[in-house]
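The values are calculated or read from the model by the stated rules, or taken from the named source; none is laboratory data. This is a predicted model, so every value here is computed, not measured. Here the Cβ positions follow ideal geometry from the backbone for every residue, glycine too, while neighbour counts run over all protein chains shown.
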Amino acid sequence: MPFQEVVEAEGHLIDSHILENVFDKVVEYHGRFEVDQFRIGRTNSEPSYLRLKVEAPDASSMERLMESLLELGCTPVETGDAVLREVERDRCAPEDFYSTTNHRTYVRHGQKWIEVENQRMDAMVVVREGRAFCRRLRDLKQGDSLVVGLRGIRVVPESKERDRLSFAFMSNGISSERQVETAVRQTAALVRQTLEQHFKVVAVAGPVVVHTGGVAGLSSLIRNGYVQALLSGNALGVHDAEAALFGTSLGIRLADGRQEEHGHRNHMRAINAIYRAGSVRQAVECGRLRSGILYECVKSGAPFILAGSLRDDGPLPDTITDMNAAQDAYAEQLEGAGLVICLGSMLHSIATGNMLPSWVRIVCVDINPAVATKVSDRGTGQAVGVVADVGLFLDLLARALA
């Protein structure tokens, strides 16, 4: 085979199944491999090392193979600095731009490796004044120095936990047979660990939190400082306000599950009440809104972001209807996050997962196991699924942490 490369990788290659994935990729592209060197880490902290010669039958296969191996943490041994090309027009990248993953990434510049900041998937890498940044396509400016090709790039995938007794559910996949109490206990431990390490816990919630009776649980988590930011859509805000003002959710009485007479208009009455006050914060300050999730956010100072959509009623005055602005607001609140708990919202869970680096843990709670699967399938491999009723989960989590 005329095309050859020598690559190297370091980390928990066996525990994280990276080694077998590397071999599988070479075979998938009709190539061959030869292990030049392999050292196994002998302790939990000591990494393994792999030096591998790979061969491919043609240039196209080698390019695609190297791109796949790069995502698995394999870097060519003989590599120079990353190739930079100037952006000629705003929002227009060169054809051969490097598209990022959500894993920790380094680029070689000035004969040294520098870590890429603001790591996220599906972005580009801009190098400026000796630093490298992830930059979205819409944020590219004429004159930016953009990394192109695959040379001078090193990707470091997240390693699987070697301590299998700690947060063992992280490696158990998505199962409806797991006891909810066990998942709650382990999630509570994750929350405590995250706060002890001075990272934020962020909740991503859908309106199902209100429908399933999870308002008290989530409100308690916010009130007691276990959740520092809330990301959601207009629907959660509307139904949370409806429940607080009229005791219904979509016109159904939360107390007994019966249809409220003329209850179908309650969510519009709630929107109107917030508009009459001016905003959610003003509704709290004037005493019109006296309970609920958004009430607790205002009282505790926890930021809440409501992203709009095409189907929104109202929307609430606080809802951000510019999608680019909503993405930016989400990303701002995710800075410094160590744990994200997604609660019954496929759309916002996937959107949030796409903004996060792979070292931020995600616990995705939904009664439908397909939701957590879809979040993982879209590149957020660190998402762990808990198949459970969201209201029950929140109630048990609030009690476990209290």
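Conditions tested, residue by residue: (1) under 20 Å from LEU230 (Cβ atoms); (2) more than 29 Å from the chain's Cα centre (by Cα).
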| position | (1), (2) |
| --- | --- |
| ALA241 | yes, no |
| PHE246 | no, yes |
| SER249 | yes, no |
| ASP256 | no, yes |
| GLU260 | no, yes |
| ARG265 | no, yes |
| ARG269 | no, yes |
| GLN282 | yes, yes |
| PRO303 | yes, no |
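Just to be sure I understand, how many residues within the range 29-71 are assigned to a helix (DSSP H, G or I) and in contact (Cβ under 8 Å) with a residue 12 or more places away in the chain? Number of matching residues: 12. Kindly evaluate LEU52 against the criterion of being crowded, with 17+ Cβ neighbours inside 10 Å and farther than 16 Å from VAL148 by Cα. Answer is yes for this residue.
Inspect the range 308-323 for any residue being among the hydroxyl-bearing types (Ser, Thr, Tyr), in contact with an Asp or Glu (Cβ under 9 Å, 6 or more places away or on another chain) and not in a strand (DSSP E or B) and give the result as yes or no. Give the steps one after another, and end with the answer.
The initial filter retains those residues of the range 308-323 that are among the hydroxyl-bearing types (Ser, Thr, Tyr), namely 309, 319, 321.
Retained after the next criterion (residues that are in contact with an Asp or Glu (Cβ under 9 Å, 6 or more places away or on another chain)): 319, 321.
So of that shortlist, the ones also not in a strand (DSSP E or B) come out as 319, 321.
Yes, some residue in the range 308-323 is among the hydroxyl-bearing types (Ser, Thr, Tyr), in contact with an Asp or Glu (Cβ under 9 Å, 6 or more places away or on another chain) and not in a strand (DSSP E or B).
The condition of being in contact (Cβ under 8 Å) with a residue 60 or more places away in the chain, in the same structural domain as ARG51 (by TED's automatic domain parsing) and not small (Gly, Ala, Ser) does not hold for GLU86. In the range 245-274, which residues are under 17 Å from SER219 (Cα atoms) and surrounded by fewer than 23 Cβ atoms within 10 Å (Cβ to Cβ)? If the condition is that a residue be under 17 Å from SER219 (Cα atoms) and surrounded by fewer than 23 Cβ atoms within 10 Å (Cβ to Cβ), then LEU245, GLY247, LEU254 are the ones that fit.
Note on the range 189-219: residues that are part of a helix (DSSP H, G or I) and farther than 29 Å from GLU242 by Cα total 8. When the range 344-402 is filtered for residues that are among the aliphatic types (A, V, I, L, M), part of a helix (DSSP H, G or I), within 17 Å of TYR330 (Cβ to Cβ) and touching a helix residue (DSSP H, G or I) at 6+ places or on another chain (Cβ under 6 Å), the ones remaining, listed by number, are MET346, ILE350, MET355, VAL375.
Can you work out which of the residues in the range 72-125 that are among the acidic types (Asp, Glu) and assigned to a strand (DSSP E or B) is nearest to PHE38 (Cα to Cα)? Filtering first and then ranking leaves GLU115. For the range 286-306, the condition of being farther than 21 Å from LEU245 by Cβ, at pLDDT below 95 and surrounded by fewer than 19 Cβ atoms within 10 Å (Cβ to Cβ) holds for none of the residues. Among all positions in the range 313-321, there is at least one residue which is touching a helix residue (DSSP H, G or I) at 6+ places or on another chain (Cβ under 7 Å) and at pLDDT below 95.
Exactly one residue out of ARG138, ARG104, ARG120 is within 24 Å of ILE18 (Cα to Cα), within 21 Å of the chain's Cα centre (by Cα), surrounded by fewer than 19 Cβ atoms within 10 Å (Cβ to Cβ) and not assigned by TED's automatic domain parsing to the domain that holds SER376, and it is ARG104.
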